[in-house]
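Worksheet for the structure shown next.
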Amino acid sequence: MSEAATATVPAAAPVRPANKVEPFLRMDRMPTVWCPGCGIGTVVNGLAQALERCKLDLDKVAIVSGIGCTGRVAGYVRLDSFHTTHGRPIPFATGLKLANPELKVIVVSGDGDLTAIGGNHFIHAARRNIDMTVICVNNHTYGMTGGQVTPTTPPPAIASTTPYGAYEDPFNLQFLADACGAVYCARWTVAHVRQLAKAIEEALQKRGFSFVEAISPCPTLYARRNRLGEGVDALKYYEEKSVVKHGAPTREVGIGFQSEIAVGKFVDRERATLIEAMNERYSKAVRGYVPYPTGHKPRK
């Protein structure tokens, strides 16, 4: 028998399983612009996982982001995307939802964008219970514009605008969203990859204003100024300091500087959305009123 005939045939290379999140991402734009150790990419991964599980019609999904590091998210997802002006993703998203109630509208932005210049939009969208999912990447700083103090920066953290340490009481975003009427409120860190993806999945399935807060490190500005190490050090801190408190009163889950982080699902309830409330009122007050489409099946 010839030497060629007796040669060992190499085993076929194992087939690499398809990455379930790739269809939801613009892979031609990878790698991202985010700094090493930043957690925004993990949040995008969680969003992609949630979209895959929800089996949504992607032609009826729109994502809106504002300005800043997290504002870049809209450019990396394979969806109809809107990169809006500073602090204005929620009013843009509101217009999309009212113009086409069949859309599933998702807002992804940072703590400064959503709760500082965009704070008024945040509280009124929750109050009105507009049907959208808002994901806030909370890294306690303005990462793109120089590391200024934000409404969530915990004292006495140092920022470019508070060189001697922050001194204003920060927002507890879970309490704020709850008090304003959000139907779903949850918080996880980017160290809780599976839980974060699950929370986003649950939020997408809610009818009304749902809110997911993702605590994320900013190793380039916030961590460096406060001598907190690199992104890996932040993940270790999140693992050590996070305490799961499902259903805890949101008033009690504020975040201090390098203190315990309460994580979990705090609010999950039902109430009429803006369009439902409008239809109910006008149907009683206006003869022959034709209900505005809600984009979902009536509640039982």
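Nearest 500 deg cm²/dmol is fine: what mean residue ellipticity at 222 nm does the chain get from its DSSP H runs of n ≥ 4 alone, each adding -39,500 (n - 2.57), divided by its residue count?
Working: 9 runs with 87 residues, N = 300.
Mean residue ellipticity at 222 nm (helix-derived): -8500 deg cm²/dmol.
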Please list, ordered by chain and number, the residues whose modelled amide H lies under 5 Å from the amide H of residue 88; skip anything fewer than 5 residues away on the same chain.
67
How large is the convex hull of the Cα atoms of the chain per residue, expressed in Å³ as a whole number?
184 Å³
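Using the Kirkwood formula over every pair of different C-alpha atoms, what hydrodynamic radius in Å results for region 19-145?
On the way: mean 1/r = 0.0682 Å⁻¹.
Final number for the Kirkwood radius of region 19-145 is 14.7 Å.
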Treating only the Cα positions of region 91-178 as identical point scatterers, give the base-10 log of I(q)/I(0) from the Debye formula at each q in 0.13 Å⁻¹.
-0.47
Can you tell me what the convex hull of the Cα atoms of region 71-129 projects to on average, as an area in nm²?
4.0 nm²
Using a Förster distance of 22 Å, the FRET efficiency for residue 289-residue 98 (Cβ separation, nearest 0.05):
0.85
Where a ≥ b ≥ c are root eigenvalues of the Cα gyration tensor, a/c under 1.5 meaning rounded, otherwise prolate if a/b exceeds b/c and oblate otherwise, region 239-281 counts as prolate
Alpha carbon centroid spacing (whole Å) that separates region 147-214 from region 239-287:
12 Å
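Take the alpha carbon gyration tensor of region 141-263, find the square roots of its eigenvalues, order them as a ≥ b ≥ c, and report rounded if a/c is under 1.5; if not, report prolate when a/b exceeds b/c, else oblate.
In terms of gyration-tensor shape, prolate.
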Step through the residues of region 110-116 one at a time and calculate ³J(HN,Hα) from phi using the Karplus curve (6.51 cos²θ - 1.76 cosθ + 1.60, θ = phi - 60°), rounding each to whole Hz and writing x for Gly and Pro.
x, 5, x, 5, 7, 10, 9
Would you mind putting 135-148, 154-167 in packing order, based on average other-beta-carbon counts within 10 Å, highest first?
135-148, 154-167
Listed peptides 202-214, 272-284, 57-69 by packing density, highest first (mean Cβ within 10 Å):
202-214, 57-69, 272-284
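Each value in this text was obtained by applying a stated rule to the coordinates, not by laboratory testing. Treat the numbers as computed from the prediction; the structure is a model and nothing was measured. All Cβ positions, even for glycine, are placed from backbone atoms using ideal geometry, and neighbour counts span all protein chains on display.
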